[in-house]
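Asker: One structure follows; several queries about it will come next.
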Amino acid sequence: MRLQEIKLVNFRRHADLTFSPSDGINLVYGPNGSGKTNILDAIHYCTLAKGFNRSIDRECLNFAAGYFLLKGRFADDREIEISVKVSYARTSEKKISVNGEELKKFSQLIGRVPCITFSPMDLAVVNGSPQERRRFMDNALSQTDKRYLDDLLQYRRVLQQRNTLLAAVRDNGMERGSLDAWTEKLSLLAGSIMSARTVFLFRLLEFFKPVYVELGLGEVPGMSYCSSVGVHTPEISAERLAEVFMQRLRDVEEQELYRKQTLFGPHRDDVMFRLNDVDVKKYASQGQLRTFLIAMKLALQRFVCEVTGERPLFLLDDLFSELDRKRGEKVLELLDGSGQSIITATDKKEVKGVHCISVEELAQSVV
Ligand SMILES: Nc1ncnc2c1ncn2[C@@H]1O[C@H](COP(=O)(O)OP(=O)(O)OP(=O)(O)O)[C@@H](O)[C@H]1O
Ligand SMILES: [Mg+2]
């Protein structure tokens with residue numbers, strides 16, 4: 001997948017800017033505050049319907065404007081074009097259309113333009129709360145597995161309904177038996193989600209190991225899914241996980257009624273990242289954390305490519321500030337030939353095969 005051109009109107013600091021990156025590695029450079037991340041933000045909107053670093057629509061609207069408009073033109077590896085338009089106005093909701101047709105649900109955009117991101121803020125995936133790691137898995141799987149996204153959205157709805165019911169049974173004396181149908185529904189969805197995440201991490205690790213060897217300090221990495229259901233291996237089927245999950249929910253029903261909420265499930269699960277069998281979150285140095293993160297994103301790029309048959313677009317914000325020179329160069333080598341990537345940096349880098357673009361020149365080149 002390639003971004004051929006993106007046009008930004010009133011988006012963050014850019015009143016009118018057009019960016020046409022080249023096919024391989026692109027380096028957008030410029031001083032602090034010159035609007036480099038803003039461009040990645042705009043591309044992110046056109047691929048995943050929302051901003052980079054979780055920015056929200058209103059924040060992206062230029063301070064002086066009443067609306068913003070983004071137009072992205074992409075081509076997949078078979079040269080089939082896809083155009084995405086995102087518009088937002090102070091007075092109306094965000095609208096997204098693909099090839100001229102307005103989407104009813106933004107989730108319909110997910111997976112159309114596979115996109116991987118790297119940002120210094122992503123360090124939280126490695127050393128932050130479990131929610132960050134769940135978000136990482138959900139994001140990766142939603143782009144590669146339509147069924148996963150459907151299951152996840154449904155799981156969230158069923159979870160909410162089950163929690164409401166737990167409260168109704170406890171507070172309003174509603175029949176306990178009415179919970180069973182929701183427990184079963186939730187278990188089936190939980191089984192599929194846990195199974196998909198387990199298989200995902202297992203496959204990701206296969207790509208991760210060789211990349212980490214190239215970048216790392218000689219440790220052996222590991223990653224595995226952790227849930228309250230127990231040990232997860234890719235051989236355990238979704239159905240079996242659902243059965244075990246349902247039994248465990250039944251075992252804790254009293255506590256759940258008391259607390260009026262579902263006490264465990266994919267919405268509470270976590271991932272364990274390891275280096276030489278030691279928990280990365282607790283023991284890794286800053287350099288090891290950063291290396292782990294970038295290796296994980298490079299592995300994800302390879303994973304998405306294998307699953308979808310499409311090389312994803314790769315957005316890397318402030319890459320070099322996170323890595324020492326040797327590792328920075330190694331990452332460029334690893335990016336070479338794996339599709340289009342767009343990197344931001346404060347300084348220009350004269351490296352063969354890297355196409356450098358000044359953000360200040362881009363911003364000036366439009367009327
Ligand atoms: N909604 C907005 N309207 C106008 N300007 C905005 C808006 N949102 C952010 N900006 C401005 O955009 C600039 C930040 O741009 P951006 O984050 O892209 O910079 P950058 O080039 O990535 O800088 P750094 O190298 O520090 O990461 C800030 O000066 C900020 O004031
Ligand atoms: Mg920036």
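The values are calculated or read from the model by the stated rules, or taken from the named source; none is laboratory data. These figures come from a predicted structure and were not determined experimentally. Positions of Cβ are generated from backbone atoms using ideal geometry, with glycine treated the same way; all protein chains shown enter the neighbour counts.
Asker: For the stretch 308-343, name all the residues that are surrounded by fewer than 20 Cβ atoms within 10 Å (Cβ to Cβ) and β-branched (Val, Ile, Thr).
Answerer: Result: Thr308, single match.
Conditions tested, residue by residue: (1) within 15 Å of the chain's Cα centre (by Cα); (2) among the hydrophobic types (A, V, I, L, M, F, W, C); (3) modelled with pLDDT of 95 or more.
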residue	(1), (2), (3)
Ser129	no, no, yes
Met137	yes, yes, yes
Asp145	yes, no, no
Arg156	no, no, yes
Arg162	no, no, yes
Asn172	no, no, no
Arg176	no, no, no
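Asker: Follow-up question, since we're still on this one. Identify all residues within the stretch 18-34 that are within 11 Å of ligand 1 (Cβ to nearest atom) and either touching a strand residue (DSSP E or B) at 6+ places or on another chain (Cβ under 6 Å) or in contact (Cβ under 8 Å) with a residue 24 or more places away in the chain (or both); write none if there are none.
Answerer: We begin by selecting, within the stretch 18-34, every residue within 11 Å of ligand 1 (Cβ to nearest atom); these are 28-34.
Result: Val28, Tyr29, Gly30, Pro31, Asn32, Ser34.
Asker: If you take the residues in the stretch 344-357 that are crowded, with 16+ Cβ neighbours inside 10 Å and within 11 Å of ligand 1 (Cβ to nearest atom), which one is farthest from Leu315 (Cα to Cα)?
Answerer: Checking each candidate, the answer is Ala345.
Residue-by-condition table, conditions (1) among the hydroxyl-bearing types (Ser, Thr, Tyr); (2) within 16 Å of ligand 2 (Cβ to nearest atom); (3) farther than 24 Å from Leu17 by Cα:
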{"position": "Arg302", "(1), (2), (3)": "no, no, yes"}
{"position": "Arg311", "(1), (2), (3)": "no, no, yes"}
{"position": "Glu322", "(1), (2), (3)": "no, yes, yes"}
{"position": "Arg325", "(1), (2), (3)": "no, no, yes"}
{"position": "Leu332", "(1), (2), (3)": "no, no, yes"}
{"position": "Cys356", "(1), (2), (3)": "no, no, no"}
{"position": "Ala363", "(1), (2), (3)": "no, yes, no"}
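Asker: Still on this model: Return the only residue of Arg58, Arg54 being closer than 17 Å to Leu109 by Cβ and free of Cβ contacts under 8 Å to residues at least 40 places away in the same chain. Talk me through it step by step, then tell me what you get.
Answerer: Values: Arg58 fails: closer than 17 Å to Leu109 by Cβ.
Selected residue: Arg54, the only one of Arg58, Arg54 that is closer than 17 Å to Leu109 by Cβ and free of Cβ contacts under 8 Å to residues at least 40 places away in the same chain.
Asker: Only one residue in Val98, Val113 is surrounded by fewer than 21 Cβ atoms within 10 Å (Cβ to Cβ), in contact with a strand residue (DSSP E or B) (Cβ under 9 Å, 6 or more places away or on another chain) and hydrophobic (A, V, I, L, M, F, W, C). Which one?
Answerer: Values: Val113 fails: surrounded by fewer than 21 Cβ atoms within 10 Å (Cβ to Cβ).
When all the criteria are applied, what remains is Val98.
Asker: Moving to a separate point now. Mind checking whether some residue in the stretch 247-266 is within 16 Å of ligand 1 (Cβ to nearest atom) and at positive phi?
Answerer: Within the stretch 247-266 (the criterion being within 16 Å of ligand 1 (Cβ to nearest atom) and at positive phi), the answer is no, since none of the residues qualifies.
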